[in-house]
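Peer 1: Here it is, the structure in full.
Only the coordinates and a few stated rules stand behind these numbers; no lab work does. If you're wondering where the values come from, they're calculated on a predicted model, not measured in any experiment. Virtual Cβ from ideal backbone geometry, glycine too; neighbours counted across all protein chains shown.
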There are 4 protein chains.
Amino acid sequence: MPDGAVAPLGVALVGYGYWGPNLLRNYMELPGVTVRSVCDRRPEVLQKAQTRYPSVTVTVDLADVLADDDVDAVVIATPVRTHFPIAMAALEAGKHVFVEKPITDDSLHARRLVDLAADRSLVLMVGHTFVFSPPVRRVKELIDAGELGDIYFVTTQRVNLGLHQKDVSVIWDLAPHDLSILYYWLDETAESVTVMSRACIRADIPDVAFINLRFASGVVAEIQASWLSPVKLRRTIVVGSKKMLVYDDTESVEKVKIYDHGVDFKDPTDFGEFQLSYRTGDIVAPKIPGIEPLWLEAQHFIESVRTGDPPVTDGWAGLRVVASLEAAQDSLVRGGTQAIITPDLAALSEGAA
Amino acid sequence: MPDGAVAPLGVALVGYGYWGPNLLRNYMELPGVTVRSVCDRRPEVLQKAQTRYPSVTVTVDLADVLADDDVDAVVIATPVRTHFPIAMAALEAGKHVFVEKPITDDSLHARRLVDLAADRSLVLMVGHTFVFSPPVRRVKELIDAGELGDIYFVTTQRVNLGLHQKDVSVIWDLAPHDLSILYYWLDETAESVTVMSRACIRADIPDVAFINLRFASGVVAEIQASWLSPVKLRRTIVVGSKKMLVYDDTESVEKVKIYDHGVDFKDPTDFGEFQLSYRTGDIVAPKIPGIEPLWLEAQHFIESVRTGDPPVTDGWAGLRVVASLEAAQDSLVRGGTQAIITPDLAALSEGAA
Amino acid sequence: MPDGAVAPLGVALVGYGYWGPNLLRNYMELPGVTVRSVCDRRPEVLQKAQTRYPSVTVTVDLADVLADDDVDAVVIATPVRTHFPIAMAALEAGKHVFVEKPITDDSLHARRLVDLAADRSLVLMVGHTFVFSPPVRRVKELIDAGELGDIYFVTTQRVNLGLHQKDVSVIWDLAPHDLSILYYWLDETAESVTVMSRACIRADIPDVAFINLRFASGVVAEIQASWLSPVKLRRTIVVGSKKMLVYDDTESVEKVKIYDHGVDFKDPTDFGEFQLSYRTGDIVAPKIPGIEPLWLEAQHFIESVRTGDPPVTDGWAGLRVVASLEAAQDSLVRGGTQAIITPDLAALSEGAA
Amino acid sequence: MPDGAVAPLGVALVGYGYWGPNLLRNYMELPGVTVRSVCDRRPEVLQKAQTRYPSVTVTVDLADVLADDDVDAVVIATPVRTHFPIAMAALEAGKHVFVEKPITDDSLHARRLVDLAADRSLVLMVGHTFVFSPPVRRVKELIDAGELGDIYFVTTQRVNLGLHQKDVSVIWDLAPHDLSILYYWLDETAESVTVMSRACIRADIPDVAFINLRFASGVVAEIQASWLSPVKLRRTIVVGSKKMLVYDDTESVEKVKIYDHGVDFKDPTDFGEFQLSYRTGDIVAPKIPGIEPLWLEAQHFIESVRTGDPPVTDGWAGLRVVASLEAAQDSLVRGGTQAIITPDLAALSEGAA
């Protein structure tokens, strides 16, 4: 290789099921990346990968991947319960790791991944893909620029008909999206969560849930998640002291609408009357570029590996979401009482172990 | 009066503020009804009523109304805190009573009205107007006919920008609508309620609330209520085991849409696999007549007075809603913990008093 | 009357059918105006007016109105075929005249009204109410400010189910709205018109029409008008060289949306290739005040009477619309061939008569 | 090959530009079909086809395709002006032919293809893909079943921003879709057409057109076509004497909505009054299967080749659309006058030649 040229990064994909092909397609086309291998326990799915991408090595054995010195980074898209052991093995083998969401099914495991990656100075990134979605990014910019003022509350609906998961509730299936978006926007993890849910179709697996979150800053939020809805809704409302917005991911064009609406509060008059006035101004749907979030996510991972800068959706981000899901599960099991979200406690107890 | 003719019913309206004129307009045009008087403490608003309807007597003194033997029924549209004393006085004077929602601001008071009306064999009706709204009626027919199957859950949104009330929270202002609709549809009162809310604009008056309800039948429901929303939403989703529906009161034409959608559950196969199949069929927006709910409500009250049959929205219905609001308030005050709804306990303790 | 005080203007309304009550309500509340009388041939409708507004004199005889020296202006809302004789009589009696649209059913008659009003220095205004509608005004401001650039074309749909008129086609019933809007926006009268229509329900009365207009400036426009549509559409699209907009009068909030979209045209390259690039930017729904157009229209008429300034929708504006409707009718009768619009010829031939 | 087995049909694709890859993908997966070769003049695009489908032979020479005895059918997706010579050559070589829309750019050429295919007993099919679209099919079923009653009129909008074509007007680019749909639904070709259009961006190429059609049955129709619209509209309204429907191809779920609306016409009463009553009933959005039209189109072509039955979109269908486009062009050139559509005259004059 000539001086000054940058060697391509070697990437391996572990897990070629529902989501893996989407990841593979993006990594195949990413400049400066060479996909070296695809690993899955099922030979028949490896065959599909091989046919589509003849240049890639396929294997049923994770050890093959980890033993390959030209593999710099491992991308994991296996069932959730296997995220932890595979990611641990990859980190221990000195590989940077990208793992699909949720990062693990246990916050203690997530903490161990975070610590190991830190020890080895390896990148650990979780696939909170919505954080790379252009409309979500745009909302983040608006919030950070103070355009909305202080955030009062957020409501979000993620409902449609299907698909029931066999082993996880609608909370673990759908809420990670909204939790990751909320925490990204607000730069804050919820303090507590209260859940009401029902298992309508299968006795043991909640398929509708109302997840209420409270933040130290005063923000409250609600996530409605359901696999049982006549209509598909992907609508988030963010209400701030200056402006309000609606982010509707089912819209093809006007995904984000900013409302120059608000309540102006005047001081009490002599008569002690509170004076409120309602402001309704223009409504703006900013142009949102139509770039595929997965592409931006893959770029970001590769850039983190190259630069060593922590990714936006690092292991801590993954841990915060998992700790929140655990607390939600806790609230649900205890009949809808409030549960405290403790990513730091998780960290402490793990640290003590 | 000739034999067989029916004497017109004499009606008096107490309270001619924001809502009273709407009631008066309907009662003025109702066949078989004579509006005899309008009572309000403010002479200037009485002047308006007099100008518009010269035939009606106006008075600032409730005693005038109650002393008029030709007044058979009193319609009360005063501030909530005065509902109880005015309704008590009217019942004691032997008048049938229609009172705006919520029936009282205290469930014990509501129970006393219920008992007094029963003792005197007088009609006591509360103005849960949405129960008389044609789309709400249509949904009731669908549920009662079993078209939706078993009801799994209901979500409803009642949000828009404004109007902040000075003395009641968004819960007492907006939730009575949805509680009265839910209890009418389900023929069941919620067992418990959990509330998350925030007072964004004024320190002491919640203006956004997520109200989660649980019913003994297993149904769960959520009411989102807010005076702070960029968009006006009046959307209710009802999910049943056979069909699902959306009732959107902001739609001008397709207010109710019935989705022949559902999840069919097959028995586990030999391999222990659960089999779910998703059914998406036709979507039907039934024709909904455009009759004014207030007109139907007024008709229903007059008919109850004439026949002695209890109205659909009788004092008990009013009591159930007030008890639910009290429990919601209770949950809110105790930091969002679950509160039990006890209309019957309210009844008992009152009975014991 | 004290010095400096302005005497109220005396107004009479002629015609109290479908539309008259709306006009009366507005004029009753207009400061500086006294409605002196309402005239209609039908005593039973006069009775209604009298009951609602006891202060107003009612009469079946137009002569009573015209003989009243305190009547400064006459507002005419009678059937179209009577507009001309009533307006002529009023002008001859020295009254200012407001007449509903279309101004007459014959352009020669319209021209005679225009000339007579000019001779007598009286205000002649036609009820092109949409010209006073806030969204239409807002679009006019945008066009005049050059925000849209050169206007390329306009399409408009005014369709819904009903109401078939007994004596006029859908063209005379609905197109006046769009013609008056178009001519107001473009400051230009169409040169020619081509119509395709069908009389679906009654053999002799077209109830659907596609009206194509061509302007000297190059602008083309289409008006779709129908009493037979499953959905109500009131949508106008204006495409300019810089921006484009949609004006949808059925929207409750976002009645006007401005699209920062366009086609940028680059000069041919060396290879003679035309280069077009498509620009899609932000979409803005400006705040539109919710003022009733009728109120603004009535204000404008009164102001014209007071100041002597010609109203925006003067007799010429009425004439241009009627001449266009006649040409449309002409095109229709001659099998859809192009018909020239000749408000000026109408003027000339009338002048020659 | 064993007795009774059916030999796979050999197919060749000519033209691998914008649309060809979609056709190739479908034919590759069609049971009973072997794609033998792909032909294009550009080696670089052939390279792409080869990489994706290594089993297919690629060639720049049409003669190679036509000389291959194992090629039973040729699928043509080249620029319009080359449709005729390629299709002629293929038919003369004894191949069945599928050709993209419009079938040719000249109705005489279309007629020659029709005649040659008939002489040689070969299938000639044109790619009017929308005829195979499930919502269009569903509307056809409704019309044929008489559910809509007699058809009164049809309006359709096919507008959005871009893409300007270099060599054909918006009429030739977009109207073939709607003409093919209309003629399929109505089983009737328009008699005459009137066009108003404007070339906004390039002096010589109309980019907005209002195309009015009249049918012998009395049906009138309008096609709005434009490359210059702020919003994408794909909406067709069909109004019949019994019901009405809206087909909106931009809707993801409710693509077809059937309105049980109509006008009931009663005989004149004694007083000579016409009595109309408006009926607005339920609105139904039937379930529409989500099958790719291209797949159904390819299946249909192969089945026609196997059975010898003429395809729904045969050469005559292609000819009728081209003759209509020619008449539209004629109307446009002659300033928007009515032009007669003469597919049969085209046939006659060609027959006489």
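Peer 1: Towards the positive end of the charge dipole of chain D, with charges on Cβ (+1 Lys, Arg; -1 Asp, Glu), say which of D:Ala199, D:Ile211, D:Val238 has the farthest Cα.
Peer 2: Highest projection toward the positive end goes to D:Ala199.
Peer 1: Another question, if that's okay. Using amide H atoms built in the peptide plane, which far-off residues or other-chain residues are under 5 Å from D:Asp150 H to H?
Peer 2: Amide H neighbours of D:Asp150: D:Ser241, D:Lys242.
Peer 1: Could you work out, residue by residue across A:208-216, how many beta carbons of other chains sit within 10 Å of that residue's beta carbon, and then give the average as an integer?
Peer 2: 4
Peer 1: Moving on to the next point. Which one, C:His164, C:Thr129, C:Ile302, projects farthest toward the positive side of the charge dipole computed for chain C from Cβ point charges (K/R +1, D/E -1)?
Peer 2: Value: C:His164.
Peer 1: To continue, here is another question. What shape does segment B:196-297 have by the C-alpha gyration tensor, where a ≥ b ≥ c are the square roots of the eigenvalues, rounded means a/c under 1.5, and otherwise prolate means a/b greater than b/c and oblate the rest? Can you show the working numbers first?
Peer 2: Details: a/c = 2.69, a/b = 1.42, b/c = 1.90.
Since a/c reaches 1.5 but b/c is at least a/b, the shape of segment B:196-297 is classed as oblate.
Peer 1: Now, a different point. For an R0 of 30 angstrom, estimate the FRET efficiency from the Cβ-Cβ distance between D:Glu188 and B:Asp150 and round to the nearest 0.05. Let's see the in-between values first.
Peer 2: On the way: r = 50 Å, r/R0 = 1.68.
Plugging the Cβ-Cβ distance into 1/(1 + (r/R0)^6) gives 0.05.
Peer 1: Round to the nearest 10 and give me the degree value, 0 to 90, for the angle of helix D:170-186's Cα axis relative to the longest principal axis of chain D.
Peer 2: 70
Peer 1: Starting from the Kirkwood radius over alpha-carbon pairs of segment B:134-265, derive D by Stokes-Einstein at 4 °C in a medium of 1.567 mPa s and give it in µm² s⁻¹. Please list the in-between numbers first.
Peer 2: On the way: Rh = 15.4 Å.
Rounded to a whole number, D works out at 84 µm²/s.
Peer 1: Using a Gaussian network model of chain B with C-alpha springs under 10 Å, which one of B:Arg279, B:Arg235, B:Arg214 is most mobile by mean-square fluctuation?
Peer 2: B:Arg279
Peer 1: What's the magnitude of the charge dipole for chain D around its Cα centre, counting Lys and Arg as +1 and Asp and Glu as -1 at the beta-carbon? Answer in Debye, nearest 20.
Peer 2: For this selection, approximately 960 debye.
Peer 1: Also: Once the principal axes of the Cα atoms of segment D:77-122 are found, what is the range along each, listed largest first in whole angstroms?
Peer 2: 24, 19, 13
Peer 1: Cut-off is 10 Å between beta-carbons; in what order do A:Ile211, B:Ile283 appear when sorted fewest neighbours first? Walk me through the numbers before you get to the answer.
Peer 2: Values: A:Ile211 29, B:Ile283 24.
The most exposed by this proxy come first: B:Ile283, A:Ile211.
Peer 1: Where does segment C:123-190 land on Rg(C-alpha)/(2.2 N^0.38 Å)?
Peer 2: Details: Rg = 13.9 Å, N = 68, 2.2 N^0.38 = 10.9 Å.
Rounded to two decimals, the normalised Rg is 1.27.
Peer 1: If you rank B:Trp185, D:Trp227 by fewest surrounding Cβ atoms within 10 Å, what's the result?
Peer 2: Listed from fewest to most nearby Cβ atoms, that is B:Trp185, D:Trp227.
Peer 1: Also, quick follow-up: Could you give the alpha-carbon Rg of chain C over 2.2 N^0.38 Å, rounded to two decimals? Spell out each step's value before the answer.
Peer 2: On the way: Rg = 22.0 Å, N = 353, 2.2 N^0.38 = 20.4 Å.
It is 1.08.
Peer 1: Find the Rg to Rh ratio for segment D:167-238, where Rh is the Kirkwood radius over alpha-carbon pairs and Rg uses the same atoms. Display every interim value, and only then the final one.
Peer 2: On the way: Rg = 12.7 Å, Rh = 12.9 Å.
Over the Cα atoms of segment D:167-238, Rg/Rh equals 0.98.
Peer 1: Related question: Which of rounded, prolate, oblate describes the protein assembly as shown, given a ≥ b ≥ c as roots of the alpha-carbon gyration tensor eigenvalues and a/c under 1.5 marking rounded, otherwise prolate only if a/b is larger than b/c?
Peer 2: Working: a/c = 1.93, a/b = 1.12, b/c = 1.72.
Note, shape of the protein assembly as shown comes out oblate.
Peer 1: A further question follows. Would you mind telling me which residue in D:Ala117, D:Ala89, D:Ala190 has the biggest mean-square fluctuation in a Gaussian network model of chain D, where springs connect alpha carbons within a distance under 10 angstrom?
Peer 2: Highest fluctuation among the options: D:Ala89.
Peer 1: Averaging sequence separations of C-alpha pairs under 8 Å and six or more residues apart, then dividing by the length of segment A:178-264, give the relative contact order as a whole percent.
Peer 2: Details: 131 pairs, mean separation 14.3, N = 87.
Once divided by the residue count of segment A:178-264, the mean separation gives 16 percent.
Peer 1: Right, here's the next one. Please compute the contact order of chain D in relative form: average sequence separation of alpha-carbon pairs under 8 Å and at least six residues apart, divided by the residue count, as a percent. Intermediate values should be presented prior to the final figure.
Peer 2: Details: 726 pairs, mean separation 62.9, N = 353.
This gives 18 percent for chain D.
Peer 1: How would you classify segment D:1-145 from its alpha-carbon gyration tensor, with a ≥ b ≥ c the square roots of the eigenvalues: rounded for a/c under 1.5, else prolate if a/b is greater than b/c, otherwise oblate? Working shown, then result.
Peer 2: On the way: a/c = 1.34, a/b = 1.22, b/c = 1.10.
Because its axes are fairly even, with a/c under 1.5, segment D:1-145 counts as rounded.
Peer 1: Can you list the residues, at least 5 places off or on another chain, whose amide H is less than 5 Å from the amide H of D:Val35, using H built in the peptide plane?
Peer 2: Residues meeting the amide H criterion: D:Val11.
Peer 1: Only bridges whose two residues both fall in chain C count here: according to DSSP, what percent of them are antiparallel, nearest 5?
Peer 2: Counting DSSP beta bridges with both partners in chain C, the antiparallel share is about 60 percent.
Peer 1: Among C:Ser226, C:Gly315, C:Gly32, whose Cα projects farthest towards the positive end of the dipole of chain C, with charges put on the beta-carbon of Lys, Arg (+1) and Asp, Glu (-1)?
Peer 2: It is C:Ser226, whose Cα lies furthest towards the positive end.
Peer 1: Within the protein assembly as shown, what percent of beta bridges assigned by DSSP are antiparallel, to the nearest 5? Please report the intermediate quantities before stating the final value.
Peer 2: Details: 174 of 286 bridges.
About 60 percent, rounded to the nearest 5.
Peer 1: To the nearest 500 deg cm²/dmol, what mean residue ellipticity at 222 nm is calculated for chain A from DSSP H runs of n ≥ 4 alone, each contributing -39,500 (n - 2.57), summed and divided by the residues?
Peer 2: Working: 10 runs with 122 residues, N = 353.
Mean residue ellipticity at 222 nm (helix-derived): -11000 deg cm²/dmol.
Peer 1: Report, as an integer, the average count of C-beta atoms from other chains found within 10 Å of each Cβ along B:325-337. Numbers along the way, then the final one.
Peer 2: Values: counts 0, 0, 0, 0, 0, 0, 1, 0, 0, 1, 4, 8, 4.
Going residue by residue through B:325-337 and averaging, the value is 1.
Peer 1: Mind jotting down the distance between the C-alpha centroids of segment C:61-91 and segment A:1-66, whole Å?
Peer 2: Taking the Cα centre of each part, segment A:1-66 and segment C:61-91 sit 87 Å apart.
Peer 1: Can I ask one more? State, as an integer percentage, the relative contact order of segment C:1-127 based on alpha-carbon contacts under 8 Å between residues 6 or more apart.
Peer 2: 22
Peer 1: What aspartates and glutamates sit close enough to B:Lys166 to cross-link, taking a C-alpha to C-alpha distance under 19 Å and skipping anything fewer than 8 places away on the same chain?
Peer 2: Of all the aspartates and glutamates, those that pass the test against B:Lys166 - Cα under 19 Å, at least 8 places apart if same chain - are A:Asp264, A:Asp267, A:Asp270, A:Glu273, B:Glu100, B:Asp105, B:Asp106, B:Asp204, B:Asp207, B:Glu326.
Peer 1: Still on this structure, I have one more. So, R0 is 56 Å and r is the distance between the beta-carbons of D:Thr82 and B:Asp260; what FRET efficiency does that work out to, to 0.05? Write out the running numbers ahead of the final one.
Peer 2: Details: r = 48 Å, r/R0 = 0.86.
Result of the calculation: an efficiency of 0.70.
Peer 1: Using a 10 angstrom cutoff on alpha carbons, build the Gaussian network for chain A and name the most mobile of A:Gln275, A:Gln50, A:Gln329.
Peer 2: The residue that fluctuates most here is A:Gln275.
Peer 1: Sorted from shortest, what are the nm distances separating the label point of B:Gly281 from equivalent points in the other copies, each placed 7 Å from Cα along Cα to C-beta?
Peer 2: 1.8, 5.1, 5.1
Peer 1: Return the subset of C:Lys287/D:Lys257; C:Lys101/D:Lys243; B:Lys255/D:Lys255 for which the Cα-Cα distance in this structure is over 24 Å, preserving the input order.
Peer 2: On the way: C:Lys287/D:Lys257 32 Å; C:Lys101/D:Lys243 32 Å; B:Lys255/D:Lys255 19 Å.
The pairs that break the limit, which is 24 Å between Cα atoms, are C:Lys287/D:Lys257; C:Lys101/D:Lys243.
Peer 1: Run the Debye formula on the Cα coordinates of segment C:153-207, all scatterers equal and no solvent, and tell me log10 I(q)/I(0) at q = 0.13, 0.22, 0.26, 0.30 1/Å.
Peer 2: Result of the Debye calculation: -0.38, -0.95, -1.16, -1.34.
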